[in-house]
1. Within segment 330-337, does at least one residue satisfy the condition of being closer than 22 Å to Arg451 by Cβ, surrounded by fewer than 20 Cβ atoms within 10 Å (Cβ to Cβ) and either touching a Cys at 6+ places or on another chain (Cβ under 6 Å) or polar (S, T, N, Q) (or both)?
2. Quick check on my filter: what residues within segment 614-643 are of a type in the set (A, V, I, L, M) and in contact with a His (Cβ under 9 Å, 6 or more places away or on another chain)?
3. When you go through (1) buried (at least 20 other Cβ atoms within 10 Å of the Cβ); (2) of a type outside the set (A, V, I, L, M); (3) over 30 Å from Pro117 (Cβ atoms) one by one for Lys581, which number turns out not to apply?
4. Can you run down the residue pairs with Cβ atoms below 7 Å, 6 or more apart or on separate chains, where the first is in segment 373-385 and within 12 Å of Arg336 (Cβ to Cβ) and the partner is β-branched (Val, Ile, Thr)?
5. So, in segment 357-385, exactly how many residues are more than 27 Å from the chain's Cα centre (by Cα) and either of a type in the set (Asp, Glu) or modelled with pLDDT under 80 (or both)?
6. Would you check which residues across segment 199-258 are farther than 16 Å from Tyr163 by Cβ, among the β-branched types (Val, Ile, Thr) and modelled with pLDDT of 80 or more and list them?
7. Of the residues that make up segment 312-333, is at least one part of a helix (DSSP H, G or I), in contact (Cβ under 8 Å) with a residue 40 or more places away in the chain and in contact with a Pro (Cβ under 6 Å, 6 or more places away or on another chain)?
8. Of all residues in segment 599-613 being open to solvent by 10 Å² or more (accessible area, probe 1.4 Å) and in a loop (DSSP other than H, G, I, E, B), which is nearest to Gly580 (Cα to Cα)?
Amino acid sequence: METAPQIGSGAQLAPNPIDDVLIRLVADFAEDGSFGHRTLEVTNTHVRILEKGGAPCFVIPISDIKTARNEPLVGGGRLEVVTAKGEILPIVSYSLTIAAKFSEAARGIEQLAKGEPLLINLKEERLRCAQCNRLLPEKDGVCPACVNRSKTMMRIGRYLYPYRKQALLLALMSLVTTLLNLCPPLIQGKLIDTVLKNHRELNTLWILMVCWLGVLVVNSVLQILSGRLIAFLAGSIAADLRSSVYRSIEFLQLTFFDKKQVGAIASRVTQDTDRVWGFLVEGVPYLLLNGLMFFGIMIFLFYTNALLAACILSPIPFVLGIGAFFWRPMSQMFHRVGQKWARFHMHLNESLSGIRVVKAFAKEDLEYGKFRTRNNELRDAGMAADGRWYTIFGAMTFFTSLGTLINWTVGGYMVYANEMTLGGFWKVSALLGLLYGPLQWFAAVNQWFSRAMAGADRIFEVMDTESEKYGVQESHHHILGEVEFDNVRFGYDKSNPVLKGITFTAKPGEMIGLVGKSGAGKSTTINLICRFYEPDAGMIKIDGIDYRDIALQDMRHQIGIVLQEPFLFNGTIAENIRYGKPGATFEEVMVAAKAANAHNFVLSKPDGYDTMVGERGAKLSGGERQRVSIARAILHNPRILILDEATSSVDVETEKQIQEAIGRLIEGRTTFAIAHRLSTLRNASRLVVLDKGEIAEIGTHAELMEKQGVFYKLVEAQCAINEIIGVGTGG
């Protein structure tokens, strides 16, 4: 590989010491091409390379740089700059593992050279946990091995606070149930020693039997009541948890949905909350009741015979040790199962949502193959987790069984040597069954708990993600409609801006047409106006106010949007129109439908305004869906209106009706329109022509046609395509 020269054109031997270092990266190749270390540092004024000891071996002023680039090489790459004189200077070489970082650095150097704000992203997606270095289940995800279980449990416990009275009652009932469960072994021991052994005191038999019956009756009643209370608490907490995670999802930034698929997000609300619910219904009551039982039995065992109790409890440390040792690995395995469930849901949701495309291309077998892959991955992860669990359970069963063996060995000898009564031995045996049975199934609680914590971690990951900045502004801002873009820069990837310094102003009531090739930045401009995203640099003002100073909900209440592919909810036509104004009367809905040229086709339906539109409006035609969407926007009565290719996918007659409806809709509103057919923008107040993220031209339709610039060429190209289509169809 070529290496950087010692001194570049116009370089200085030492940079200004007061410069702040904006970019610092360590390359893994030395100057001679061998593995080593050299450091790239970029400031506002200089680019420099430092040797391992910190001495600069290459320095060039930013002012001498025209462009910078990452030159791919075999097994690595090289950072190069092109000077104002046209010289190509190789600066530093590196391996492929860090080439992406230096590519971002090249972009940053170029931005500084052009006097632009530094907008690069040197942060890599996390593949490993920063704490334990284990591979993460998903990029930038939560490490299941390092999650603080106690904190997670505390967070779940907060959902119990509204039901604290019921929880306290449940704890009290569990305590009473525990005491009642300890009574039968005591009654049995008394029965053997006083009645069965001596064949006398028959009255004692009846008294003990009545007591035993009373214990059974009270215990059954308490079991029913506590079960119903558990069902209430678990269901309520799970419902609150689902509500919280759904509300969090609804208020998340769109950048979150750009990275996550719908199926994966949906699994957080369904699959993961179900796991928490299962633990609350089965695991917590079992743990609470048997935890109390465990300590109660321990007390009675030592009270009855301390030596025998110590002997038969000796396997317990092994049982607890096995559970503690395999706790973390099992948690990770159950977390992995959760990830596989998420991927399974993603594919299922995607394939069913796109079923028309699947059938159109006859790809049923392909999708089935993908489904089988996800299904097999889920099967393998589940089998691995459950297989490990049964292995652990088998080991625990062995040690718990040793307790019974020890009891009969030691206890049997004590009875034989008259060191213990037969009734006392029977009492210990009965208590031992109550002890080791629950202890054996504490492993099951471990399984429930591990699954629940894995699900809770994924739920809280969503809830902890930064939401949209709705703000707490109290004053209501009535939008007049002036929208100003002031040197706005934005990129979905901050280092690769889509809009590069956009500046224009839309006056109240104006219709602004956004024109340009695909990828020019039209839809991005619309996204910024709706504040789905916020500018990386520059400012967007509404009525002269930075729109970030306006409450987000207040602002969106005054913005309406009509999309190219309108989304209708699975309800009636009236409900979909009323979505723009939930409290609207039927008369208002009908007036909006008439203004949208939708009233006549609605009345032609058998159920009129009560016609169900189906999922995504599938029971309506494209033009009908669009007119319902326009009626919804009319009823919403926005101050700023967005029209995104509103007539691109309909026939000429339908387009005429939609254009008439749009003509009524835009009256008195500031409108931004993107149109597939450029001729439909003739009536726009002005056209903003975008080219590669920059404004190429601004003017009326007539002015831009007369100028014969970028817009003129776009119109000419579209006319040529229309002529070809006309010839091809015999038109």
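1. Yes, segment 330-337 contains a residue that is closer than 22 Å to Arg451 by Cβ, surrounded by fewer than 20 Cβ atoms within 10 Å (Cβ to Cβ) and either touching a Cys at 6+ places or on another chain (Cβ under 6 Å) or polar (S, T, N, Q) (or both).
2. Ala631
3. For Lys581, the failing item is (1).
4. Here the result reads Ala381/Val337; Gly382/Val337; Ala385/Val337, each pair linking segment 373-385 to a residue that is β-branched (Val, Ile, Thr).
5. Number of matching residues: 7.
6. Selection gives Ile207, Val210, Val215, Val217, Val218, Val221, Ile224, Val245, Ile249.
7. So far as segment 312-333 goes, yes, one or more of its residues are part of a helix (DSSP H, G or I), in contact (Cβ under 8 Å) with a residue 40 or more places away in the chain and in contact with a Pro (Cβ under 6 Å, 6 or more places away or on another chain).
8. Going through the qualifying residues, I end up with Thr611.
The values are calculated or read from the model by the stated rules, or taken from the named source; none is laboratory data. Note that this is a predicted model, so its numbers are computed, not measured. Note that we place each Cβ from the backbone using ideal geometry, even for glycine, and neighbour counts take in every protein chain shown. For the accessible areas, the whole protein counts, side chains as well, though only heavy atoms, and no ligand, DNA or RNA atoms are used. Shrake-Rupley method; radii C 1.70, N 1.55, O 1.52, S 1.80 Å.
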